[in-house]
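Throughout, read-outs are computed from the coordinates displayed, never taken from laboratory work. It should be emphasised that the depicted structure is a prediction, and the values quoted were computed from it without experimental measurement. Neighbour counts run over all protein chains shown; Cβ positions are idealised from the backbone, glycine included.
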């Protein structure tokens with residue numbers, strides 16, 4: 001398949017590798033973005049974001065919780081000027097309030113709802129506002145958590161937000177964990193929550209790197225599994241170093257704070273890579 005400049009630029013943003021390296025990686029991977037990232041990793045190229053967030057332009061990311069329910073929504077626009085407009089902010093906040101009123105489980109269902117007291121659906125309201133503002137507007141992300149307690153965190157500027165589900169009411173602790181999620185972008189709750197595909201991929205990359213370092217095949221397998229443990233420590237929430245005290249993990253922080261408190265789930269969204 002043909003490799004476009006847009007594809008090359010997207011891979012460059014995700015990895016930090018040079019343009020020519022990105023083009024070669026995409027060519028070797030037949031245009032597959034994930035395989036191209038693995039190709040660059042195996043070649044030792046710089047990877048700026050192993051778990052790059054969804055690609056979005058400008059807008060606002062808002063998380064809100066109400067006891068045992070939390071919603072996370074991203075409303076996109078084309079320019080920073082519109083994103084900082086009060087009317088755009090009000091629109092985004094109206095949408096998240098409507099989500100709570102409807103208890104919608106999916107973006108598809110949410111867009112079919114009526115917007116306030118008008119005859120317009122939310123989808124039609126977005127189209128209308130696109131015409132008023134003169135920019136494309138869309139909800140690019142919509143998610144929900146239901147747990148015994150849900151805590152929301154909105155990073156200043158509303159470019160990153162997160163939700164954390166807990167087994168019991170612990171607002172302050174939950175806020176600290178939600179900040180951890182926003183800052184460290186874990187891919188899963190713990191190692192048991194990481195998909196086998198991701199694990200297999202990490203072992204393959206680790207083994208290839210060890211072989212390139214001159215290690216024999218049987219040793220490369222062991223080295224790859226050792227690197228997998230490091231991967232779990234860096235990318236799973238309960239195993240990550242706690243941002244407020246790097247001498248302990250998030251799991252240890254939770255246990256010390258309340259032995260009966262556990263994180264059930266989390267969500268995170270960022271406008272930037």
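Relative contact order of the chain: 20 percent, from C-alpha pairs under 8 Å at least 6 residues apart in sequence.
Placing pseudo-labels 7 Å out from each Cα toward the beta carbon at residue 12 and residue 190 gives an inter-label distance of 4.3 nm. If R0 is 25 Å, the Cβ-Cβ spacing of residue 200 and residue 222 corresponds to a FRET efficiency of close to 0.95. An oblate overall shape is assigned to region 58-159, the ratio a/c of its alpha-carbon gyration tensor axes (a ≥ b ≥ c) being 1.5 or greater and a/b not exceeding b/c.
Relative to the longest principal axis of the Cα atoms of the chain, the long axis of helix 122-133 lies at roughly 90 degrees. Once the Cα-Cα distance is subtracted from the 0.36 nm per residue extended length, the residue 146 to residue 118 segment shows a gain of 7.2 nm. In terms of its C-alpha gyration tensor, the chain comes out oblate, because a/c is 1.5 or above while a/b does not outweigh b/c. Principal-axis analysis of the Cα atoms of the chain puts helix 217-235 at an angle of about 30° to the longest axis. Separation of region 160-227 from region 67-134 is 33 Å, based on Cα centroids. Taking a ≥ b ≥ c as the square roots of the Cα gyration tensor eigenvalues, region 151-230 comes out prolate, since a/c reaches at least 1.5 and a/b is larger than b/c. The angle between the Cα long axis of helix 171-184 and the longest principal axis of the Cα atoms of the chain comes to about 60 degrees, rounded to the nearest 10. Each peptide among 89-96, 65-72, 208-215 gets the average number of other Cβ atoms lying within 10 Å of its residues, and from highest to lowest they stand as 65-72, 89-96, 208-215. Fraction of C-alpha pairs exceeding 21 angstrom in region 134-273: 51 percent, rounded to a whole number. For residue 127 and residue 230, the FRET efficiency from 1/(1 + (r/R0)^6), where r spans their Cβ atoms and R0 equals 35 Å, is about 0.15.
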